[in-house]
Amino acid sequence: MSSSTQTAQYNPAYHRFTLILAICTFLLIIAGALVTSNDAGLAVPDWPTSFGSLYRIPPMVGGIKYEHGHRMIAEFVGLLTIILAVWTQRKDARSWMRKLGWFMLLLVIIQGTLGGLTVKMRLPWYISTAHAMVAQTFFSLTILMTVFASRRWIETTRTLTRQPDSGSLNFRNLALLTVLAVYMQLFFGAGFRHGGLHFLPHLIGACIATLILVWASFTGLLRFGAIKPIRGASIAILGLLVIQLLLGVAAYMTRVVWGKDAVQPRPSMVATTVAHVAVGALLLAHCFMLAVQAYRNLAPAAGLAADQKAVVA
Amino acid sequence: MKLALGLLLILLTIGCSKNETPPASYKPQAPAAKIDPATTATISGVISFDGAAPKPQQIDMSQDPACVVGKVPPNFGEAYVVNGGHLQNVYVYIKDGLGNYSYPTPPPTTLDQKGCRYVPHVLGLMVGQKLRILNSDPAMHNIHSMAHENSGWNESQYPGGDAIEQTFSKPELMIPVQCNNHPWMKMYVNVSTHPFFAVSDADGKFTISGLPPGTYTLAAVHEKMGEKTAQITVGAKYSKTADFKFSSSDIK
Ligand code: HEM
Ligand code: HEM
């Protein structure tokens, strides 16, 4: 693996920058969810211009406030991503990290294009759903980059802390499964939110995802609790899962049950649905983190023995 | 690589959807006859509502100050407008039974935006007839038509901006139209192949005139409660009444 041959140096400014990008992206996800929850997706009918202009800011009232505000934050995040890619390319010794930086740039361009398509095509559910899914993927990757740029990641040698992890459904696979389960929920949830799917898949999915996430985080705590990052991610996933389930019920009640005939998006509907999207994004990011930490810190018993021999030699 | 391919696929998709030819305007199959104006009949009636109607919900328009300039009366949702048991905003039309006639295209009909509400809330027009959309507000609006049979569109209109003109090429019922800048602004457009339609007024009344004699299926459509139909036969120069009744049990 290239990471063990190339030594990266911890760079506090770069680390802080990745963190700022992650925070801005989280705010952007909230801003995007506000667009959807306020039914404001088409308040600005054109793209890439807004009311015919690339730079003039329209009056920020009503739905335009949400839609154009979201575009402006997205442009800012796009700019930060360009800086990230260039900075990583110039300063990070890890070639996979440099590739990840460029991949992030590609992803943000795809995401911006999908955003434009939602406007151009007047919100077909599959484009809106793709936009919601790429958004959370991008956010999760900003979080992972923050992890990869952290002192702890850079300055611990993974081969020395590794523990054995065996079996067909080993912990690494289980951790990957949590990512998959949350993606499934993201797809079903967004498909429902944008009017393309029924609610039932998301509800059944919630039961399955809950099982997988509880199983994985308990395994993480009970078997690998000594590995700090795994313990941390497991606890976060459990906490976020409980909040997410409660928010899901609240979103269902306010938007679907009580809000069925609402004349306009009510504050309670907006708050619960936006929070459900935002916590969903945090949950996905933490499942990614769990998987990454599992792969970094655990290895099949056989591979581990070979690894350690290599270190000793 | 996969992502690039995915992107390409999406671009192709819009490429294709953009190239879709607009639906051809509706045309009767056989050569059409003209209606003899000396023989036409009139159907009129009242739409009533039985039971307790849902209470109109007051709309909060504070998110755009331009909607509340001067003294504006409170704005209420218009899904159920019931006046002394009479139901407004029901679209009534001849659903079936018309022979093969040709009709001149009527002059444009108007949809206005006033006080951040649509006037009227429900309207009918003919295939090919122009819909002129006006903005009498100091607010910026967008008008988003969510048609299924016809092609949808979304356009913005500045305060006092030029009228927007749209036409519909296929018959379609209750096409939702919404403003995404003021998401409470919703109205419905109904498109028919003939001019025999009406929308019930504040007293629940409607009148359809100029009908050739015949036996018809008359339908009354409400945006939330759906459709009710009645069979009706009118002779030459006849005036007939046909009333419809909706009730709280029709609310889905
Ligand atoms: C990095 C860039 C972007 C990110 C991370 C992002 C994220 C999001 C998120 C999370 C949502 C909410 C989805 C939901 O609630 O289901 C959203 C909605 C939306 N975004 Fe973006 N967005 C980005 C760029 C853009 C751009 C450039 C546009 C350009 C117009 C745009 C237009 C929209 C629209 C119109 C919606 C509402 C969709 C709907 O109601 O169906 N986005 N965005
Ligand atoms: C593991 C558990 C869950 C996860 C990860 C999850 C995730 C999500 C996500 C990410 C979205 C929106 C996606 C988007 O458009 O950006 C969503 C939508 C939704 N979810 Fe969940 N969800 C979970 C459980 C639940 C539960 C238990 C319920 C209710 C009983 C629920 C009800 C809803 C509803 C009603 C929406 C649509 C909101 C709207 O229409 O605006 N969710 N979910």
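Details
- Of the helices (runs of 4 or more DSSP H) lying entirely inside the range A:1-92, those carrying at least 1 residues that are in contact with an Asp or Glu (Cβ under 9 Å, 6 or more places away or on another chain) and more than 16 Å from ligand 2 (Cβ to nearest atom) are A:12-37, A:62-91.
- All conditions but one from (1) part of a loop (DSSP other than H, G, I, E, B); (2) open to solvent by 20 Å² or more (accessible area, probe 1.4 Å) apply to residue A:259; the one that does not is (2).
- Neighbours by Cβ (under 8 Å, 6+ apart or cross-chain): first from the range A:31-52, on the phi > 0 side of the Ramachandran plot; second within 8 Å of ligand 1 (Cβ to nearest atom): A:51/A:44
- Matching residues in the range A:262-279 - criterion: being farther than 20 Å from residue A:194 by Cβ and either assigned to a loop (DSSP other than H, G, I, E, B) or at pLDDT below 95 (or both): A:263
- If only residues of the range A:118-131 that are more than 16 Å from ligand 2 (Cβ to nearest atom) and part of a helix (DSSP H, G or I) are counted, the one that is nearest to the other protein chains (Cβ to nearest Cβ) is A:120.
- Across the range A:112-159, the number of residues qualifying as open to solvent by 40 Å² or more (accessible area, probe 1.4 Å), over 13 Å from the mean Cα position of the chain (by Cα) and not charged (D, E, K, R) comes to 5.
- Selection count where residues are touching a residue at least 24 places away in the same chain (Cβ under 8 Å), of a type in the set (A, V, I, L, M, F, W, C) and within 7 Å of ligand 2 (Cβ to nearest atom), scope the range A:182-223: 7
- Residues located in the range B:199-225, provided they are assigned to a strand (DSSP E or B) and within 19 Å of residue B:186 (Cβ to Cβ): B:199, B:221, B:222
- Hits in the range B:211-234 - residues which are farther than 19 Å from residue B:246 by Cβ and either within 14 Å of another protein chain (Cβ to nearest Cβ) or touching a Pro at 6+ places or on another chain (Cβ under 7 Å) (or both): B:234
- Yes/no for residue A:237 being among the β-branched types (Val, Ile, Thr), at pLDDT 95 or above, surrounded by fewer than 20 Cβ atoms within 10 Å (Cβ to Cβ) and in contact with a helix residue (DSSP H, G or I) (Cβ under 7 Å, 6 or more places away or on another chain): no
- Which listed residue is within 14 Å of another protein chain (Cβ to nearest Cβ) and over 25 Å from residue A:189 (Cα atoms), from A:102, A:87: A:102
The values are calculated or read from the model by the stated rules, or taken from the named source; none is laboratory data. Keep in mind that this is a model prediction, so the values were computed, not measured. Note that each Cβ is placed from the backbone with ideal geometry, even for glycine, and that neighbours are counted across all protein chains shown. We work out accessible area using only protein heavy atoms, side chains counted, and drop any ligands, DNA or RNA first. Shrake-Rupley method; radii C 1.70, N 1.55, O 1.52, S 1.80 Å.
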